[in-house]
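Values quoted throughout were computed directly from the atomic coordinates according to the rules given, and no laboratory measurement underlies them. Computed from a predicted model, the values in this text were never measured in an experiment. Note that each Cβ is placed from the backbone with ideal geometry, even for glycine, and that neighbours are counted across all protein chains shown.
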Amino acid sequence: MAGGASSPRGPIGGINVTPLVDVVLVLLIIVMVASPVIARRGLTVSLPKAEKAEPVKPSDLRVVLAKDLRVEMSGSTMAREDFALALKGLAARDPGLRVAVAADENVKWGDLAALLDDIKHAGIKRVAAEVGSRGAR
């Protein structure tokens, strides 16, 4: 009898997923290799220097963000969390407080933005940025 149940012309009982898995794994490897290359792309920015700058007034609070992300305020060095609490206390005592911010040129923009965010959340409305003069280099 030539038309039994084991005939190769019968319906397919299962799907071979091996080629699908192979293709998905190759695509995954391509994405994993390409993502760091895409993430490293960025803009090269040359920060401006100031021709004329006003000196910081003695009544202003000077805040310095160091390369190692320590914050110096009023001559004392502290962590950013302590800085935020101390600044809130100063802002509560003097609502018109002015803050002058200076940061090392090697500090990442995200770290400086976080410091500026702490200043904003403390209630400080008047913030100035310290810049170097063009003739300093």
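Net length available on complete extension from L25 to I38 is 2.7 nm, with 0.36 nm assigned per residue and the Cα-Cα distance removed. Each residue of the range 92-104 was assigned a 3J(HN,Hα) from its phi angle through the Karplus curve 6.51 cos²θ - 1.76 cosθ + 1.60 (θ = phi - 60°); the sequence is 5, 6, 10, x, x, 4, 9, 10, 9, 9, 10, 9, 4 Hz, with glycine and proline shown as x. Close amide H pairs (under 5 Å, H built 1.01 Å from N) link A100 with L61, R62, V63, A128, residues at least 5 positions away or on another chain. Annotation: amide H of V107 has no partner in the under-5 Å range at sequence separation 5 or more or interchain, hydrogens built in the peptide plane.
If packing is taken as the average number of other Cβ atoms within 10 Å across a peptide's residues, how do 24-30, 88-94, 111-117 rank, most packed first? Walk me through the numbers before you get to the answer.
Details: 24-30: 10.1, 88-94: 12.4, 111-117: 14.9.
Averaged packing, sorted descending, gives the order 111-117, 88-94, 24-30.
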